[in-house]
Every structure is written in structure tokens, then in C-alpha cells.
1. Determine the pairs where a residue that is of a type in the set (K, R) and at pLDDT 95 or above, located within the range 463-485, has a partner that is surrounded by 14 or more Cβ atoms within 10 Å (Cβ to Cβ) and not in a helix (DSSP H, G or I) with Cβ atoms under 7 Å apart, the partner being 6 or more residues away or on another chain.
2. I'd like the full set of residues that are surrounded by fewer than 19 Cβ atoms within 10 Å (Cβ to Cβ), in contact (Cβ under 8 Å) with a residue 24 or more places away in the chain and of a type in the set (A, V, I, L, M), limited to the range 326-346.
3. Which residue is modelled with the lowest pLDDT, if the candidates are limited to the range 51-74 and must be part of a helix (DSSP H, G or I) and farther than 26 Å from F521 by Cβ?
4. In the range 477-500, which residue that is of a type in the set (D, E) and closer than 30 Å to K318 by Cβ is most open to solvent (accessible area, probe 1.4 Å)?
5. How many of the residues making up the range 266-283 are among the aliphatic types (A, V, I, L, M), within 18 Å of I312 (Cβ to Cβ) and open to solvent by 40 Å² or more (accessible area, probe 1.4 Å)?
6. Would you pick out the residues in the range 205-226 that are surrounded by 20 or more Cβ atoms within 10 Å (Cβ to Cβ) and among the small types (G, A, S)?
7. Out of T440, T447, I need the residue that is open to solvent by 60 Å² or more (accessible area, probe 1.4 Å), closer than 17 Å to R300 by Cβ and β-branched (V, I, T). Which one?
8. Failed condition for D433, given (1) in contact with a Ser or Thr (Cβ under 7 Å, 6 or more places away or on another chain); (2) farther than 30 Å from L106 by Cβ, with all others met?
Amino acid sequence: MKKTHKLLALMLSVLLILPLLTACKGNTPATSAKPESSASTETSAGDPNRTLNIQTMQDSGTLYPLGVTGGFIIPLYSFYEPLYETKTDGSRKWILATGLDRVSDLEYTLTIREGVKFSNGNPLTADDVLFTMQICKANPQFSLNVKAVDFDKTKVTGDYTIDLWYTKYNASQEPGFASMFIMDKESFDEKALSTEPIGTGPYVVKDYVVNSHLLVTARDGYWGDAPKIKNIDFKVINETSQIVNAIETKNVDIAGPISVEDADYVKSLGYDVRMLNGGYPDVMLFSMLPDSPFATKEARWAVSYAVDRQAIVDIVYKGLSSVAQYPVSQYDQDYETRFANMHDTYATGYNVDKAKEYAEKSGLVGKTIRIITNGASNYNTMAEMIQENLLDIGIEAKISNYDQATYFGTIGDAKNFDIALFGPSAPSMLAVDILSMYPTFISLGWTGADRDKYGELSQDAISTYDPTERGNKLFEALKVWVDVDPWFALSEEVMPRAIAPDVTGVEYMKSGSIFYQDIAFK
């Protein structure tokens, strides 16, 4: 169990920073090949020879896809590509695949784009895609990308087709495919890829200095539209104040996420500030162990009523966010309006009288509880606000702010806290995936008949193909969730991004990625 929590912690820590997109790895040695030479890109849009400077963060010290986490995942999209992406409106943008056609609930035909070459000149084929899937399967962390694939039945049926089989239908499987950076089977070498990545993207790596910058340059032979800008320099800047300083001095053209507190100031500098939704809410996880102060749902309701969520939106997010309507994000792809305000704790919200009533009934009054955070400034502020709200109903709270690595080791055991502030999400951006997955990996001490019922309902929902029927089953599972209240959602996370006034063509995908070849200078 400890190993499972550690693996999940690494994945989830990424999701608190940017919506996670991952690629996969394997251990099969092969001969490495250097990327093909690059050339300047001819275009009439702005100055193609001017370097585009983009702020990035959390350099992982490698360019090998499996080793990259956090904000540093996003630059990989300049030289690696997935099968497809999802736009913010929910529509699919086909990239290395051109079709995923259903034969039955368990059988699909995956069609790979023809005419694509890796940066070393090797052609992309279905063998490369199945190879990427297989090395995903071999790794406990990245096997989530292919968790439903039946590898005994799945076969390459042509240069560009795969007969794809599932062991069991899972609604999060297709979003999982969007998280895979496809790699070249013939030249695969894990060590070589750490400094000389070989992908199908529009750029190749020219220079990489760990914790400093990553310079990429446009390449010949790209299958899509030629990049409008020849060079992109990803500058590693982690601190909020340093990011703002780089914007002030015009050392970066694209930056983010920036802090909400800095959004108005950055806008005053002439930058276009886009208030993109993070795709996850801020929530209070409750320890539900038998000896916890929150062993009963009435005790959990007391806190849910006690917290002034609108104040969190106004103070932490400067009014630019919104109060959460149900346990996960209303920006999830399968959100339905009927999921909103299903329980009075959400519909009524902040109500000191009800909070006091349930606090007295459940024996919370006079107790001291433990609140933990991952040390992020927004969560530290939220914890202090919750502390004040609880004092209003006769409950004291002690706050412990951990570093992120320690924090994720801590929440794996519900004995370590009474309330933990958290941001649940998943690469799939599906509520049905998040709500079926998290109670398994972070149990919170939830046991008994309600847990069994919820587990059955949530697993039945995610394994249902028809979206309407799946939504109906998720609705039934949510009825149990909001009544039991294992976690209570506070506010929607927002992630402002800054774009210089002379930069155009920036479109963020649902995951937070960008198609760099579309960007140009005005």
C-alpha cells in the first residue's frame, strides 16, 4: 500500500500545478539516433528569426518523458506529440491518430496518421504506437494511460491500424491515450532520450541547461504546418516574484500560471492575461477513521456549513474564481447541471447556525482539530480562514504547512490529519474518473455499507459506455457522496496565464498544452 501511495503522490502532485499530461517509458535497450538538422522557417508572420521566450517551471533534470513532471511537461509538446488532444470546448483535435472507431464496447479500430516522421527520419507506424502502449503497461505509474487495454488481444493489423481491445470498458481510457507521447520503437534508448529526445513534433532540442533553459528550433520534415517561429527558449523560472520580474523586463513573451494577486498588475503592463480554469476544485478532505473528530457525517456537515466559501473566492482568488457546486470541478467534461447543489451543504452553503447545531450534536464543540496543507500560498490562506470560521462555532484548529513531497506522504494515512486541503483532478478531466479513483487510493478511512454502495455505483458508472446512462449512474453515486461528505469542495482553482501583446496564435488545450507551431509574432 505504501508503494501505491508513493506512485499516486507523484502523479497527483503534478495535477496541483498543471493539469497532468504524461508520456510513457520502457526498459528495452536499442540504438539511439540523433534528431535531424533544423532549418529556418519561411513565413510572412512577424519576424521568424526572433526567439519566442516562454517561462516554464519545475525542471525535472531530464527530457525523457517518464522523468518529466509538473510544469516542465508542457515544453515537451514542442518535440513530442500524443495521439490526440482535447480543446477547451470538449472537442477532439486529432494529431498522430486520425480515428478511433468503435466496433463494440470492447473492440476499437485505432487509425494512425500516414506520412509522419520522427525527428530522426524514421516513419511513424502503428508499431510505434503499440510499443508506446506496452512500455506504459510495464510501469506502475504510467500504466494508467492503458489501464483498460487487453494486450493479449490488441494487435497491429497494418502499417497504420491497430485492432484495439479492452479488458473492460473504462470511460477514462480514451483520455488516457491523449496523455501518451508517442516514441520511436526502432531508436528507443532511455538514456539517450534524456538529452536528445526523438519525437514527431515541430521542433528539436538545440540546447538544454538543467534549471536554466531549454532551447528548441524548428525542424525540416514536420508533417504538419511549418512553425511560424524558428526558435523557442523555455526559461526555467519557479518563483512568483521572479516570473513577474521577467514580465516587467520583457524577458518572457508567455508566462504562467502567475498568481491571481499579480494578474491585474501584469495586465497593466500590456499583457493579455487569460484566467484559465485549473480543472479542479479546492477541497477539504476529512479523516473518517472511527476515532477521528469527523467519524460521523454530522460532524463533517458542521464544518461544511461553517466555512465561508464566498470569502475564499473573494480573498484568495480576488473574486476571479467561483464557489464549488459539487465535489469536483464544474469544468470536467462530463459535468451536468443536475450535479450542482445536490445536498444542502452545497445549496445553502455558509450557515453559522446550522454549523453550530451539527457541531453540538456531533460533539465537536471544544475540540482541537488538525488542518494540513502542502504549503502553497493559496492553501495556507484558506487554512487560516477555515481556522477562523471554526472558532465561530467553538472549534479550535492547529495548522501544519508541509512541503509538497512530505504532504503527499502524509495524506496517504488518515491518522495524520483531521482536515487536509487538496485539489483532486485527473488527466481524463472526467468527474466519473476522479470520483471512482480517489476513494481507492486515498481511502480517508471510509468503510461500511455506504462505502460499499458508493464503490459499486461509481465503478458501474465508469464502466458504462453510453454517456447518458453513465451520467445517470454517476448521479446516483453522487447522491451517496454528498450525503456522506468524505470531502467538501470549496472553490474552483484558477490559473492566470500572461501573453505579450505582440504574440498571436496561442490556444490552450484542456490539458494546458499549446500548439507551438501556431504561434507567431504580430
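The values are calculated or read from the model by the stated rules, or taken from the named source; none is laboratory data. Being a predicted model, the structure only gives us computed values, none of them experimental. Cβ: placed from backbone, ideal geometry, glycine included. Neighbour counts: every protein chain shown. Surface accessibility is based on the protein's heavy atoms, side chains included, excluding ligands, DNA and RNA. Shrake-Rupley method; radii C 1.70, N 1.55, O 1.52, S 1.80 Å.
1. R470/A171; R470/T464; K473/T464; K479/M342
2. M342
3. Filtering the range 51-74 down to residues part of a helix (DSSP H, G or I) leaves 65-67, 70-74.
From what's left, farther than 26 Å from F521 by Cβ: 65-67, 70.
Numbers: P65: 87, L66: 77, G67: 76, G70: 73.
Residue satisfying both the conditions and the ranking: G70.
4. Among those that are of a type in the set (D, E) and closer than 30 Å to K318 by Cβ, it is E493.
5. 1
6. Within the range 205-226, A218 is the sole residue that qualifies.
7. Of the residues listed, the single one that is open to solvent by 60 Å² or more (accessible area, probe 1.4 Å), closer than 17 Å to R300 by Cβ and β-branched (V, I, T) is T447.
8. Going through the list (1) in contact with a Ser or Thr (Cβ under 7 Å, 6 or more places away or on another chain); (2) farther than 30 Å from L106 by Cβ, D433 breaks only (2).
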